[in-house]
1. Which residue is farthest from the chain's Cα centre (by Cα), if the candidates are limited to region 147-180 and must be surrounded by 20 or more Cβ atoms within 10 Å (Cβ to Cβ), farther than 20 Å from Gly125 by Cα and among the small types (Gly, Ala, Ser)?
2. Out of everything in region 135-185 that is free of Cβ contacts under 8 Å to residues at least 40 places away in the same chain and of a type in the set (S, T, N, Q), what residue ends up being farthest from Gly60 (Cα to Cα)?
3. Determine whether region 79-87 contains at least one residue that is assigned by TED's automatic domain parsing to the domain that holds Val145, closer than 13 Å to Leu155 by Cα and without any contact (Cβ under 8 Å) to a residue 60 or more places away in the chain.
4. Go through region 167-192 and count every residue that is touching an Asp or Glu at 6+ places or on another chain (Cβ under 9 Å) and of a type in the set (A, V, I, L, M, F, W, C).
5. With the requirement that a residue be at pLDDT below 95 and farther than 16 Å from Tyr94 by Cβ, what does region 158-181 give you?
6. Of everything in region 88-119, what is in a strand (DSSP E or B) and under 19 Å from the mean Cα position of the chain (by Cα)? Give them in sequence order.
7. Please go through region 135-161 and pick out each residue that is within 16 Å of His194 (Cα to Cα) and in a helix (DSSP H, G or I).
8. Name the pairs whose Cβ atoms lie under 8 Å apart, with the first residue in region 93-121 and not assigned by TED's automatic domain parsing to the domain that holds Pro140, the second surrounded by 15 or more Cβ atoms within 10 Å (Cβ to Cβ) and outside any loop (DSSP other than H, G, I, E, B), and 6 or more positions between them or separate chains?
Amino acid sequence: MLFTAIWTKRPPIPLRGVVALKLRQEAGFLGDILESLIIAIVLAVIIRTFIFQPFYIPSGSMMPTLYRGDRIIVSKLSYRFHPPQRGDIIVFRYPHNPKKTYIKRLIGLGGETVTLADGRLYIDGRETPEPYLPPNTYFPDFGPVKVPEGSYFLLGDNRMNSEDSRVWGFLDRRLIIGKAVLVYWPLDHVKLIH
């Protein structure tokens, strides 16, 4: 009896009201999806523009470290907090055509003299180990060349098959996009990049 009294005190919702309530609920659900989608797109644009960006390796110039077809993540924040270091693998805009992107290893810093002789790297006259290269890697002699301040000297790890600073010269700091940090594809190549 009490249950019936509670129901009878409440006026019945007209059919129009039920339809309007359903539409409001559906609009709320679709609005939530739309809001989530907009937030996801904004976050993706911010992350890609300022933090991380994926890149594809189009050639074998960085073998055996990176292979043609590898997909990598590049940190755009790394060099906002510290300058590039020798040995970093960096992605940059090609000096002769900034619409193209290249990836190479940073070898020489501004103010240093770089020489390649007898299959070895010399920085300011001192032999510099390159543990990332396979043993007995041969490459032609080059230099000595002095790297201008604010610029870098870059080489591909596949020294015999790389268009790098030996061909197109020094890289201006302003052309650097970021530091390669991770191979994420193919799955059997997944690794942190050093």
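The values are calculated or read from the model by the stated rules, or taken from the named source; none is laboratory data. No experiment lies behind these values; they were computed from the predicted model shown. Neighbour counts are summed over all protein chains in view; Cβ atoms, including those assigned to glycine, are modelled from backbone coordinates with ideal geometry.
1. In this case the residue turns out to be Ser162.
2. The residue in question is Asn136.
3. Checking region 79-87: at least one residue is assigned by TED's automatic domain parsing to the domain that holds Val145, closer than 13 Å to Leu155 by Cα and without any contact (Cβ under 8 Å) to a residue 60 or more places away in the chain.
4. The first filter runs over region 167-192 and keeps only residues touching an Asp or Glu at 6+ places or on another chain (Cβ under 9 Å), leaving 179-180, 183-186, 189.
This time we only want the ones that are of a type in the set (A, V, I, L, M, F, W, C), so: 180, 183, 185.
Looking only at that region, the number is 3.
5. Asn158, Arg159, Met160, Asn161 - these are the residues of region 158-181 that are at pLDDT below 95 and farther than 16 Å from Tyr94 by Cβ.
6. The first filter runs over region 88-119 and keeps only residues in a strand (DSSP E or B), leaving 89-93, 101-108, 113-117.
Answer for region 88-119, where residues must be in a strand (DSSP E or B) and under 19 Å from the mean Cα position of the chain (by Cα): Ile89, Ile90, Val91, Phe92, Arg93, Thr101, Tyr102, Ile103, Lys104, Arg105, Leu106.
7. none
8. none
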